[in-house]
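The values are calculated or read from the model by the stated rules, or taken from the named source; none is laboratory data. Being a predicted model, the structure only gives us computed values, none of them experimental. Backbone-built Cβ (ideal geometry, glycine too); neighbour counts: all protein chains shown. Areas reflect the complete protein model, heavy atoms only, side chains present, ligands, DNA and RNA absent. Shrake-Rupley method; radii C 1.70, N 1.55, O 1.52, S 1.80 Å.
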Amino acid sequence: GNAPLYLARSDDGGRTWSQPRQMIGMEEGSVDNVMLVSLLRAHNDDLLIAYADQTPAMQARGMMLRRSSDDGQTWSARQPIAPDNGNIHQANNACLITLKSGRIVLAMREYVDGIRWPYALFSDDDGRTWQAGRHVPDPELTDEQKRGQNVNEPSICELADGRLLITMRSIAGG
């Protein structure tokens, strides 16, 4: 069934929480549910939320972004941020990060003919506009491994020297 997103707030460091309230629900064009949520505070103090959904104009499910300038009380309209090329584009939960440079990065995967290809979406203007990086190079899996899982659920972190590290899961053994 439908799966909207709910919000609970804590004003005491997580010791107690408010009653959950629906924050984002099913809208026109949404597919089965909204999911795969990441939350981030932007440099201008806006809250950003990214999640998987689809609008009526989109060819396939992708990632949406909304912003709140009142600490989550209200949210902007959904803004598609992944390429709309007919393929499914998804991130995992809690994969939206800010680099030391200020760039916002979201670890993604694109489904191409049943194969998942990890890549990064990035924004240099507090999430207003987004660009897609290149796919992670082919890990040279066997045809059977590619049909099974390929690589999935990417996550990106910034190393102390500024390089980015992407990790992901695969049926190839790790």
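Results, tabulated for the structure shown:
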quantity	calculated
Cross-chain or 6+ apart pairs with Cβ under 9 Å, the stretch 148-168 first and over 16 Å from Ile97 (Cα atoms) and of a type in the set (Asp, Glu), then modelled with pLDDT of 95 or more and assigned to a strand (DSSP E or B)	none
Residue ranges of strands (runs of 3 or more DSSP E) in the stretch 76-174 with at least 3 members at pLDDT below 95 and surrounded by 14 or more Cβ atoms within 10 Å (Cβ to Cβ)	104-112, 115-123, 151-158, 164-170
Residues located in the stretch 50-75, provided they are outside any strand (DSSP E or B), buried (at least 17 other Cβ atoms within 10 Å of the Cβ) and charged (D, E, K, R)	Arg61
Per-region count, the stretch 24-49, residues open to solvent by 60 Å² or more (accessible area, probe 1.4 Å) and either of a type in the set (Asp, Glu) or in contact with a Phe, Trp or Tyr (Cβ under 8 Å, 6 or more places away or on another chain) (or both)	5
